[in-house]
Each structure stands twice: as C-alpha cells, then as structure tokens.
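Here is the structure we will look at, set down as structure tokens.
The values are calculated or read from the model by the stated rules, or taken from the named source; none is laboratory data. As the structure is a computational prediction, the values presented were derived from the model and not from experiment. As a convention, Cβ positions derive from the backbone with ideal geometry for all residues, glycine included, and neighbour counts pool all protein chains shown. For the accessible areas, the whole protein counts, side chains as well, though only heavy atoms, and no ligand, DNA or RNA atoms are used. Shrake-Rupley method; radii C 1.70, N 1.55, O 1.52, S 1.80 Å.
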Amino acid sequence: MANGPVFDNSKSEATHKGPLGRGNWATHIGFILAATGSAIGLGNIWKFPYITGEYGGGAFVLVYLVCVVIVGLPLMMAELIIGRRAQQNPVGAFQKLHREGSPWQLVGWLGVASGFVILSYYSVVAGWALAYIFKAIAGFQGTAEAIQGEFGELVGSPGQSILYHTIFMAMCIGIVIGGIKRGIERWSKILMPALFAILIGLATYGLVYTEGGGKALAFLFKPDFSKLGAEGVLSALGHAFFTLSLGMGAMITYGSYMKRDSKLVRDAIAVSFLDTVVALVAGIAIFSMVFHFGMEPGQSVGLIFKTLPVLFEQTGPLVSVPFFVLLTFAAVTSGISLLEVVVSYFVDRRGWSRITATLVLGIAIYLLGIFSAVSAWSVPFSGKGFFDLFDDFSTNYMLPIGGLLTCLFIAWVMKDKDRADEFGSRGALYMGLKFFLRYITPVAVLAVILHGLELLPFMEYGN
Ligand code: TRP
C-alpha cells in the first residue's frame, strides 16, 4: 500500500496479517507482557532505586505512587485509546482521528523522533548491562576501588562500549524484524516471565538471606518528608512518565495492535500496576544488599554499576549474574518498543516492508548511538557529552511535551464517540478520566516541563 490511500485496508484484508496488513497481538496475555515489557526497563531497575535513594525513600515512593495514578494511568489509557481506535502508528493515528494533514500529526512525529533518539543512548546503557553479565560470570575481584574503577574503564573505552551497543541493537533488530506476533510478542512471553522469576529470587534473597531486608522495607515504605522537597515531587512526576513509556507514542503503537474485544481500562491498570510492583521489588532486592553491607542508599547513578558490584564480590556469581541478566532482559523488551514506534511509521505510511524498515532504521539508530557510546566526544560548543544531551533533551523536553500534547488532544480534540467507544462506557469512571485528562494531568505535566526549563515561579534555581 505504498502510494495508495492511507486508510485503504482492502488490499491487505486477504492476507494473514489481519486488518490493515499490519499485524495484531495473538493473545491478550501477549499484549500485556509486551506492554509491561516496554514499561519495565532500565527506568525501574537502574533509575528508580537511585532516585528513591536520593530523595530519602518512603516519602518519594508515596508521591511517586500518587503521580502514577493522576498522571501515568490517565495518559496510559489515553495512548491506548488513541492507538486502538486509529489502528495506526502515532503519525497516522493523529491524522486519522482528526483529519488527514492535521497539524496534530506533529505530535506523532515528535514521538517517532523521540523513539529514535532515546533508543540510541538507551542501547549504550543496555550494552553496559550486557557487559556486566560477562564481568559477573568472571567474578568481581579486588579492592572496592578496583571494582568501582571497572565501570569507568568500560565507559571510557570506545571499543568496548561500541561492541556491546552493537550486540544490543542487533538483538532489538532481530526481534522487531520478526513482527508483532512472532517477534515482539513471542520474545516478551519468554523474557518477561524470566524477568519476574529472577526478580522474585533476588528479593527473596534480600529479605531472607541478608540482614538488610527490614531496613530496606523501612527505607522504602516509611515516609520521611524532610529530604523530599518540591524537587523530589517533580522528579517523581517525571519518572512516572518515563517508567510507563509515555509521551512518545509507544503505547499508541502497541495499542494499535490490540483487538477490540479486550478491556483497555483494565489492561492499562494492569500494566501500570505491574510496572510499579517491579520497581518496588527491585528496590527491595537492591536496598537489602546495600544495607546489609552497611552502604549508603543515596548513591546516585553509580548505584547499579559501581556500588552493587562491590557487594557482589561477597555474594558471588549466583546473585550477580541473574541481576545483570534481569537488567538486560528489562532493557531488551523496552528497546524493542522504542524501535517498533519508528518502524511502524515507515511500514504504515511509507509502505516499506518490515524487514527493510527495521534494518534501515535500526542501523541508523545504531550509528547515532555511537556518538553516545564514545564518551570522549562532546557536542560542539556545549562541552556536554552526546549521551547527556540526548538523555536530558528527550526525558526533560521531548517526552513531557509529547505527553502534554497527547493529553490535550484526547481531552479537547478527539471526538467523544471515538473516545467513549474505546473506553467502553460513559459512566462515572469515564467522566472521571475525562476530567483528569482535561484539568489535572496536563497541569501536572506542564509543571514538569516548566521545571525542566527552570521556570517554575515558586522554585529557586540558583541563577
Ligand atoms: N519505560 C522504560 C524504562 O523504564 C523506558 C522506555 C521504553 C520508554 N519505551 C519508552 C520511555 C518510551 C519513554 C517512552 O526503562
């Protein structure tokens, strides 16, 4: 359907690929696992524990849970509703639900661009996780300083960083080439249960076999508001966004492969719930070990790649290898969702075959990622590394802006009939969601954007 009308599905109906020839999830659980796989990623296992540590534990967790409910859940429903209604990639979806050529398609474009940029550096971090599987198998040895220093060596070595980035991107490309059912769904069904099993194992180890379990639980669930501050609240809000894969059309894309008969509201709740539980359980596993060995919880970015390996020297490979396998699996199922957003646009709207689209775009993203993998390269005239620039720009600007516009679109522009049909009712719950999407969620997201720009009136930005 390269040059034909975009919404003409007559040609492909005869194929085995379902309506529009673009594929569907084979099973309901397959969709849940794929969407949960997108949501559960480095954000849950790497970022959540360290920002929780930074903002003092329980109070941050509490605020984060509130953010998931008032921002995350409504936006997750919004994206799934848009995707399933339109049965299109993000760029096509906004046009189909508004009009062909509508300026709202820019939101879709922003999403495709975000997927491109995020995956390029996400793959570099995922590559580190992969590299650490091999380090864990070999065993962490030597002084604490030597073990921590290994991370700097890895990051500082372009050859190694690029090698693992290459392997990770090859895995993502290999899975996405297989398509929805035989690629993404099949692998999510293998990797996600494995991830849950490893995580339960590690948390049990933390609670039962280390002395740090009680302290970890207290740290995560006893609120101490003294370290939180407005800064912590806004970080919680921003994180709720990132961890649920919102703001760039990932859930629009995954929603577009959903069948009409599944209950979208229930699914959105299930995915958000599982994502949150995994973050908390990962926190329990990690902080039990941290407290057991008498370390400090507020370790910032180095928590996973520097602090934990020092502890793993004591625990041995039985704990460390599963840990980094867990991290890698989580990253793979998120990486494929980022790639799928980009690929779906070229398949739906440009008529490329899935194989061509996946190879061409996967390789393009891979090449962009090399800039982030070589930490010595910095952006001309800024003094900032590409990695930091891409990360900062996408999480602080592209995703929140994409999320805000998506929210405004569904709340104020989309036809009520389209919305309500997908939601499944017009009862009190529907009215509640509409109210949130109109008045609460956009205000909260706007606060995150303004904070990123250091423009919030009641905050002190020190300049
Ligand atoms: N949610 C993932 C994580 O927590 C990251 C991710 C995957 C993502 N797909 C996304 C973030 C789409 C934003 C948008 O690691």
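Annotations
- Residues of the range 82-99 include none that is within 27 Å of Pro297 (Cα to Cα) and open to solvent by 30 Å² or more (accessible area, probe 1.4 Å).
Yes or no, residue by residue, for (1) away from the ligand (no atom under 16 Å from the Cβ); (2) assigned to a helix (DSSP H, G or I); (3) closer than 21 Å to Phe151 by Cβ; (4) open to solvent by less than 40 Å² (accessible area, probe 1.4 Å):
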{"residue": "Phe219", "(1), (2), (3), (4)": "yes, yes, no, yes"}
{"residue": "Leu234", "(1), (2), (3), (4)": "yes, yes, no, yes"}
{"residue": "Phe241", "(1), (2), (3), (4)": "no, yes, no, yes"}
{"residue": "Met251", "(1), (2), (3), (4)": "no, yes, no, yes"}
{"residue": "Met258", "(1), (2), (3), (4)": "yes, no, no, yes"}
{"residue": "Arg266", "(1), (2), (3), (4)": "yes, yes, no, no"}
{"residue": "Leu274", "(1), (2), (3), (4)": "no, yes, no, no"}
{"residue": "Phe305", "(1), (2), (3), (4)": "no, no, yes, yes"}
{"residue": "Val310", "(1), (2), (3), (4)": "yes, yes, yes, yes"}
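- Residue match in the range 178-189 (condition: within 14 Å of Ala330 (Cα to Cα) and open to solvent by 10 Å² or more (accessible area, probe 1.4 Å)): yes
Yes or no, residue by residue, for (1) within 16 Å of the ligand (Cβ to nearest atom); (2) over 24 Å from Asp391 (Cα atoms); (3) open to solvent by 10 Å² or more (accessible area, probe 1.4 Å):
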| residue | (1), (2), (3) |
| --- | --- |
| Ile32 | yes, yes, yes |
| Ala35 | yes, no, no |
| Ile45 | yes, no, no |
| Thr52 | yes, no, no |
| Phe60 | no, no, no |
| Val66 | no, yes, yes |
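- With respect to the conditions (1) without any contact (Cβ under 8 Å) to a residue 12 or more places away in the chain; (2) closer than 18 Å to Phe287 by Cα, Leu202 lacks only one, and its number is (1).
- Residue match in the range 190-203 (condition: over 28 Å from Met289 (Cα atoms), open to solvent by less than 10 Å² (accessible area, probe 1.4 Å) and part of a helix (DSSP H, G or I)): no
- As a summary of the residue check, Leu367 satisfies the conditions (1) surrounded by 15 or more Cβ atoms within 10 Å (Cβ to Cβ); (2) over 21 Å from Val233 (Cα atoms) except for the one numbered (1).
- Helices (runs of 4 or more DSSP H) fully within the range 345-445 that include at least 1 residues being out of contact with any strand residue (DSSP E or B) (no Cβ under 7 Å at 6 or more places or on another chain) and of a type in the set (Val, Ile, Thr): 354-373, 399-408.
Yes or no, residue by residue, for (1) in contact with a helix residue (DSSP H, G or I) (Cβ under 9 Å, 6 or more places away or on another chain); (2) among the acidic types (Asp, Glu); (3) touching a residue at least 60 places away in the same chain (Cβ under 8 Å):
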| site | (1), (2), (3) |
| --- | --- |
| Gly298 | yes, no, yes |
| Leu311 | yes, no, no |
| Gly316 | no, no, yes |
| Ser320 | yes, no, yes |
| Leu367 | yes, no, no |
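- Tabulated pairs, the range 335-348, first among the charged types (D, E, K, R), second open to solvent by 10 Å² or more (accessible area, probe 1.4 Å), C-beta under 8 angstrom, 6+ apart or interchain: Asp348/Val6; Asp348/Leu20; Asp348/Arg22
- With respect to the conditions (1) away from the ligand (no atom under 15 Å from the Cβ); (2) aliphatic (A, V, I, L, M); (3) under 21 Å from Ser123 (Cβ atoms), Leu326 lacks only one, and its number is (1).
- Against the list (1) farther than 25 Å from Ser334 by Cα; (2) open to solvent by 10 Å² or more (accessible area, probe 1.4 Å), the condition Ser102 fails is (2).
- Output for the range 388-412, where each listed residue is hydrophobic (A, V, I, L, M, F, W, C), open to solvent by 50 Å² or more (accessible area, probe 1.4 Å) and away from the ligand (no atom under 16 Å from the Cβ): Leu389, Leu408, Trp412
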